[in-house]
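What follows is a single structure, written as structure tokens, with notes after it.
A short reminder: the numbers here are calculations on the coordinates, not readings from a lab. Source: prediction; values computed, not measured. Glycine also receives a Cβ, built like all others from the backbone with ideal geometry; neighbour counts cover every protein chain displayed.
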Amino acid sequence: MIVAGVDIGAATAKAVILSDNKVISSSIIPTGYSVAKAAEAVTKEALVRTGLSICQLEYVVSTGYGRRAVPFANKALTEIICHAAGVNSLMLQARTIIDIGGQDSKVIGLDDDGNVSNFVMNDKCAAGTGRFLEVMAVVLGVEISEMGTISLLGKEPCQITSTCTVFAESEMVSLRAEGNSRENILAGIHKALAHRIAIMGQSVGFREKVVFTGGVAKNVGIRKALEDEIGLKILVPEEPQIMGALGAAILAKTELASLTEDNI
Amino acid sequence: MGNYYDKLLKICGFEDKEIKKEKLRIDKAFERLKLGPEDMRIAEEWVRQNHDVDLVGVRKLLGAWVRELIDLVLAKDEGKKIVYYGFPSIQGPGMAIKAAAPDELYVSCPDVVLCHTLGQIFNKLTPVLEAGEENGLPPGHGLCTLQTIRVGGLAKGIIPVPDLVTASSYYCDMGSKTDELLHEKYGHRTVYVDGSMDSRWGEYPEYLPQRVEFLGAQLNKLFEAVREVLGVEVNSEAWDKAMSTSRQLFRSIGQLTRLAMADPMPISSVETGLALQLAAGSTGRAIAEGPEAVDILCQEVKQRVDRGIGVVEKGAPRVMNFAASFSDPTITHMMENAGLAMAATLLTVPPPKAIQLTTHITPGEMRAEREMQVGLYHSSFGLVKRFADAVRDFNLDGIIWGYQYNCRPLAQPSHFLKKWVEDNVGVPVLSLEMDLYDSRNYNAGALRTRVEAFAEMLRVRKTVAKI
């Protein structure tokens, strides 16, 4: 049984190929302008290593904001459902998922069976998303990949008062002019983002095990700041960015199995 | 050769004879609204895509709305004295004022009329919103978009300047503040009907008699102003007439909403919303045409129920949607396409039985007491109790608490109310920030992920509950 999950986000497109219960390949590429083209490209890239083609996929589930524009998908499911399925497949004890992507953030509560019991999203404001970090990285002249590590060196995090990414950008200029170190400013930025997530997630509640997914999960500084905010240890999968695509692939397998059962 | 609007009006239930008779009025109104042939073409497509026009009752409701729009636009030209009220408003005073002098007065909530016509029929509300933003209520300030529509409609000259406005500040201060600014600009008389929506958490259903006295006195003040400004007496006869005619309408709507609760859901809540909001926004066509339109619709819906025809799958999770979008039917359709049966809205939950506890001397006090008992205007606790009643009475699987983001009484307690319902009533609540009147920033696409995830969550819960 060869199935695929395709997650088309605002910033990146991800694909996971599943053969029976095993992930045999995955891929991540920038989404770019055309969602349909990105979906095809990321799936093909993942398939290259397997020697298979798109038409050999028996079932495809798409997810993410671009899920409805994937022409070869059999079904489209929300990223909330897919992230839950993906995380649950790796960590049965997961009860809370924090997903921070390029343009939105989510806190998802799972029941004891791994089903979504509650969720909250913030996709109206960039201040709690990867976009916030991208903007700050440019202003502070650091690589995004280094931000988290540098932030851990800041022992006196600056207070970031703005709740808007655009205004926070202006605030960075003032903080630098006042002589604050880059480490302390970055520590403050990470703390601000984590604080927003913690407040947002209160309506869902944080229960262990807490799993962190999405591209921002690769940032060790955000992970530490979140742990400080919620007072719980946070687990990060080896490939946090593909959890949605993984979940989509798992759900593709389930859908295919139930179709096969119906036919029988 | 026919008129450029014939096709659309026929979809909206107009007969040839009526179009011919009303041609001058229709031409004048559409010209003032700047609705030309291309707008009609767009509207035809929009109405066919978004309204169940196979049902005669739906066509008649659409027709009632179009006629209300024409009445509104031409009210001053036709020599009517004009009274506007706000939304939400206490049901009754508007109808009573109209009943006191039905041929002399035009009485409505123009913002609600524009939403349901320029929005739901013509898909052309944006220019009105933009005019409102350019004329005193700029975007990005969290201002009530219903007020923006009022300001825009006046600025564009598509709704006439009224003779009297009743500013319903008992619920929210934004309406009354906007009316204050409009008074400065246009000079019309404004009567403030103030009240107190505050009480101790848990107090409902009790209330202080002073609240009844105060709100009652405010309503009586309104009727004094009507006498003074318009020379019209809103006496007990007018009240009785208003109550008896509106009772017929509400009885029909009650029957419709009960039929709409069937499984599978036989009619979209876009259409039940057309009926409900006609009763809220109009005092003319709602009474003149509403009962017949809704009765016909009830018969048609009953046939669907008997045949098991639904617009959503049988067994779909049943939710209460706080309120259907007033101006954009695609949002409600998106929710239903996600596989949710909109079994109720806040307005379809039957109110508690009326009990007279205070001594009423005036119709205003009588009305005020009723509002305290219904709960919506009593307090946040009164509001959330209606949610709890709905879950029990309508056998709901969840609630979509689609709160108006810029409405202080609704937005402020939105997350708290979600938690309370989940903890005390035991069903999931989707706290969905939206705009019931202006979907430019809260369109179906923007809200889809949350709604679809919620729908999926409810389906899984239902499946697990069965095992």
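Worth a mention:
- The mean number of partner chain beta-carbon atoms within 10 angstrom of a residue's beta-carbon across peptide B:215-226 is 0.
- Taking a Cβ cut-off of under 13 Å around A:Ser62, the surrounding Lys, Arg, Asp and Glu residues balance to a net charge of -1, with basic ones at +1 and acidic ones at -1.
- Cut-off 15 Å, label 7 Å out along Cα→Cβ of A:Thr50, residues of segment A:1-40 by amide N: A:1-7, A:14-28, A:40
- Distance between the 7 Å Cα→Cβ label points at B:Glu184 and B:Thr126: 3.1 nm.
- Difference of contour (0.36 nm per residue) and Cα-Cα distance, B:Gln210 to B:Glu18: 64.0 nm
- Over segment B:247-380, relative contact order from alpha-carbon pairs under 8 Å, at least 6 apart, %: 27 percent
- In this label model, B:Arg25 and B:Asp198 are separated by 4.6 nm, measuring between points 7 Å along each Cα→Cβ vector.
- Rg followed by Dmax, in Å, when segment A:2-47 is reduced to its Cα trace: 10.2, 33
- Peptides ranked, highest mean first, by Cβ atoms within 10 Å: ranges B:94-100, A:55-61: B:94-100, A:55-61
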